[in-house]
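Asks: Sending over a structure as structure tokens; questions will come in a sec.
The values are calculated or read from the model by the stated rules, or taken from the named source; none is laboratory data. This structure is a prediction, so every number in the text was calculated from the model and none was measured. Cβ coordinates were reconstructed from backbone atoms using ideal geometry, including for glycine residues, and neighbour counts include every protein chain displayed.
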Amino acid sequence: MANAEFGITFDLMVKLILVSATSMEIEPTLQFLEHYKAARPDTYIFGRLAIEVCITGVGMVNTAFELGKLSNTVFDLAINAGVAGSFAHFKTGEVVTVIHDCFSELGAEDDQNFLSSDDLGFGKQKLELQNLLRSMVTDSLPKAFSITVNKVHGNEESIKKTKALHKPDIESMEGAAFIHAANAFQWKAIQVRAISNRVERRNKDKWDVPHAIKNLNDVLIELIKDLNIQQE
């Protein structure tokens, strides 16, 4: 399919899908891409990149459902972007990449013990991106081990147990579902997260979502520019 304004054939371009739970988290990037809007809905032409945006909704189920719809669509590159909470030394506003993620709640309680899905023989709990998308931008960012949860942590005892069990750096509500889909579709992919808060007893007065979103999107825009240069 050719875009009349740009005179470009989509099939000859590098196709990138940008995945986020909410449009709010990538709003500055969407504003940047608005200048490069293509004829297709939610699609943008930036140099050699045909960029499609997928807003999944919050959580693993929404993410898996929306990405599952793409089973008949081919993408060369994939980026998952959003905010996250930090268990460890990462500070509010810091941007990290996630290569390893974990369905931390997937398993069973055995009195005081937790049996993971691996222990039960129900499949992998921990996931690693099999086809890593790399650039100078992502290589410059610190790497984090993330867990993906349905219920973000806000209880001191459950935080202590989770840290002892999984030793996570950060948590999100979508990341492992994205990695599962990226591996299944054989996308060259990366997950990029900005820290909006520490994982602690819930206190939104300590959160700084605007700062996290600004820094996240500064990185996203530079990443898109760098990926385009790689294609030239």
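Asks: Can you run down the residue pairs with Cβ atoms below 6 Å, 6 or more apart or on separate chains, where the first is in segment 168-192 and under 20 Å from ASP139 (Cα atoms) and among the β-branched types (Val, Ile, Thr) and the partner is part of a helix (DSSP H, G or I) and modelled with pLDDT of 95 or more?
Replies: Going by the 6 Å Cβ cut-off, the qualifying pairs are ILE190/THR138.
Asks: A further question on this structure: Confirm whether THR92 is closer than 18 Å to LEU216 by Cα, in contact (Cβ under 8 Å) with a residue 40 or more places away in the chain and either aromatic (Phe, Trp, Tyr) or part of a strand (DSSP E or B) (or both).
Replies: Working: closer than 18 Å to LEU216 by Cα: yes; in contact (Cβ under 8 Å) with a residue 40 or more places away in the chain: yes; either aromatic (Phe, Trp, Tyr) or part of a strand (DSSP E or B) (or both): no.
It is false that THR92 is closer than 18 Å to LEU216 by Cα, in contact (Cβ under 8 Å) with a residue 40 or more places away in the chain and either aromatic (Phe, Trp, Tyr) or part of a strand (DSSP E or B) (or both).
Asks: Every residue in segment 179-208 that is part of a helix (DSSP H, G or I) and either more than 20 Å from ASP169 (Cβ to Cβ) or over 16 Å from the mean Cα position of the chain (by Cα) (or both), please. Can you show your working first?
Replies: At the first step, the residues of segment 179-208 found to be part of a helix (DSSP H, G or I) are 179-185, 204-206.
Scanning segment 179-208 gives ALA181, ASN183, ALA184, PHE185, LYS204, ASP205, LYS206.
Asks: Here is a further query. Pull up segment 15-39, narrow it to residues that are without any contact (Cβ under 8 Å) to a residue 60 or more places away in the chain and not aliphatic (A, V, I, L, M), then point me to the one that is nearest to ALA64 (Cα to Cα).
Replies: Step by step, filter segment 15-39, then rank; the result is SER23.
Asks: Now for a separate question. Kindly provide the set of residues from segment 150-184 that are in contact with a Ser or Thr (Cβ under 6 Å, 6 or more places away or on another chain) and under 18 Å from LEU115 (Cα atoms), ordered by number.
Replies: The answer is HIS166, and nothing else.
Asks: Go through (1) surrounded by fewer than 17 Cβ atoms within 10 Å (Cβ to Cβ); (2) among the hydrophobic types (A, V, I, L, M, F, W, C); (3) touching a Lys or Arg at 6+ places or on another chain (Cβ under 8 Å); (4) modelled with pLDDT of 95 or more and name the single condition LEU133 misses.
Replies: Looking at each condition in turn, LEU133 falls short on (1).
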